[in-house]
Amino acid sequence: MKRVSVFYLMALIAGSLLLLSSCKQKSSDYAKVMHDPLLYNDVVHKINYVVIYDIFTPPVASRVFAYSNLAAYEVLANEGGHLASMEGKVKDLNNIPHPAANAKIDFPFASLIALIKVGDQLTFSGDTMMILIDSVKSLAQNAGMPDDMFNSSVAYGTQVADSVISWSKNDNYAKTRGSNFTVTGLPGHWSPTPPGYFDAVEPLWPTMRCMVMDSANMFPPPPPPAFSTDTTSEFYKIAKEVMYTVNHLDSTQKWIANFWDCNSFKLHIQGHAMFATKAMTPPGHWMEIVGTISWNNHADFYKTVAAYTGSAIGMYDAFICCWYTKYKFDLIRPETYINKYINQDWMPYLQTPPFPEYNSAHSTISAAAATVLGALYKDNTAFKDSSERDWGWPDRSFKSSDEAALEVSLSRFYGGIHYKQSVQTAYVQGKEIGNLVMSKLIGKGTDNLK
């Protein structure tokens, strides 16, 4: 597992963007450089690694990606020729500033400024984000962007970023900080799991303001099987199924479980030593997939930004929806149940995350993102996922984004951290959210994009 050091992170941020302009000489064709969708992919990738370094929980990571990409989207929407604004479609989003009359603005460049500035406000690594924004500015200047256009673009991107940041402050995030969850100790309810026995993560996340859903409970799944310790009960059987599956994993199933683990803070205990490693969050993994699929489809800058934004919003709302379900049912994890009622020495293949079991968050957000990508790219979403190379896992290939989302669900079952029904209902819940995003936000606005 990779330990993301600050030196590695700063090198990563500075590296590839500057390589794009390594020739250094002035050019008059700045649009060729600044309108390249690969540049947007690269910037989101760098923000993803800031999220990794800052050790954000998966729900908080989704918030970073949703607001920052939405800011970039709104800049492009105000160009007037490609995307429709989400004002009036995303909850409480209004008063996005319009560009000044006759201002010479390069909108893709301005969108990158907005993306990074919002990302900077929502993360902790200010020094590395400053390197990133300076790199993008240098890229524009080295590519020969006129000074007046450069200044107007930076100013407009900053205005939109400030507006989105102001709007973000009313989403209830600040009020949810420092919240604690009371473990009931009742049979069938969640309790902390080894090795860290951490407190439950983000118990007030269901109170966050949704972006497109009417409420956190807009897509309620069916309840899980009734808790029981009777060996003939359905609950005992689904727990036994988890145990049997983990005990008989083949090499491919282990690969799948590891590939989609996405544990942003994995605790390791070796003798008396204890240390943690960092990895991509589930939404960060899907941000990498969005870039790959967009690039494979030769999407232009505008459609690429729309794909990132739609996927990020879908995952953000999916976390709220899923977290509502988790804390409503407060269900015991397979590890706890099996250790207490079946086999006290059993361990899951993956480390159990610190929050209630039902239902699977990774399954929900993956289905949401995959549904958005399938709608935008008309199911032309075959791809090879190379995003886990830094963590030592070989690439995996998929015929579609939906196939990848289905594999995510299986991975949580193979890992021994979810019952099978939990991943199945979560997949359905995620698809409903993805379809809602497309119907309310992106659909008509991207039909004619390349």
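The values are calculated or read from the model by the stated rules, or taken from the named source; none is laboratory data. Treat the numbers as computed from the prediction; the structure is a model and nothing was measured. Cβ: placed from backbone, ideal geometry, glycine included. Neighbour counts: every protein chain shown. Accessible surface is based on the protein model in full, side chains and every heavy atom, while ligands, DNA and RNA are left aside. Shrake-Rupley method; radii C 1.70, N 1.55, O 1.52, S 1.80 Å.
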Angle in degrees between helix 6-20 and the longest Cα principal axis of the chain, rounded to the nearest 10:
40 degrees
Percent of alpha-carbon pairs separated by more than 13 Å within region 161-220
72 percent
I need the Debye-formula profile for region 266-335: one equal scatterer per C-alpha, no solvent, reported as log10 I(q)/I(0) at q = 0.28 1/Å, two decimals.
-1.14
Not counting ligands, DNA or RNA, and with a 1.4 Å probe, what is SER397's accessible surface area in Å² rounded to the nearest 10?
80 Å²
With bins of 10 Å, the percent of all Cα-Cα pairs of region 355-421 per bin from 0 is 20, 45, 31, 3
Mean projected area in nm² (Cα convex hull; one quarter of hull surface) for region 255-375:
9.5 nm²
Restraint check, LYS237/LYS328; LYS169/LYS378; LYS104/LYS278; LYS89/LYS378; LYS169/LYS326; LYS175/LYS278, Cα-Cα greater than 31 Å:
LYS169/LYS378; LYS104/LYS278
Highest-first arrangement of 382-390, 400-408, where packing means the average Cβ count within 10 Å
400-408, 382-390
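Based on the mean of other beta carbon atoms within 10 Å per residue, what is the order of 275-286, 75-86, most packed first? Walk me through the numbers on the way to the answer.
Values: 275-286: 23.2, 75-86: 19.2.
Going from most to least packed, we get 275-286, 75-86.
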Place the peptides 360-369, 65-74, 339-348, 422-431 in order of packing, highest mean first, counting for every residue the other Cβ atoms within 10 Å and averaging per peptide.
360-369, 65-74, 422-431, 339-348
Can you check how the C-alpha radius of gyration of region 108-263 compares to 2.2 N^0.38 Å, as a plain ratio?
1.60
Calculate what fraction, in whole %, of the accessible area of the chain sits on carbon and sulfur atoms when a 1.4 Å probe is rolled over the protein chains.
52 percent
Cα convex hull of region 78-199, projected area averaged across orientations, nm²
12.1 nm²
Hydrodynamic radius by Kirkwood, which averages 1/r over all alpha carbon pairs of the chain, in angstrom
22.4 Å
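What do you get for Rg/Rh of region 80-133 when both radii come from the Cα atoms and Rh is the Kirkwood radius?
Answer for region 80-133: 1.03.
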How much of the pair distance distribution for region 42-150 lies past 21 Å, counting alpha-carbon pairs only, in percent?
41 percent
Could you give the accessible area per residue of the chain, probe 1.4 Å, as a whole number in Å²?
39 Å²
Computed Rg/Rh of region 313-388, alpha carbon atoms with Kirkwood Rh
1.11
Would you mind calculating the relative contact order of the chain from Cα pairs under 8 angstrom and at least 6 residues apart, reporting the percent as a whole number?
21 percent
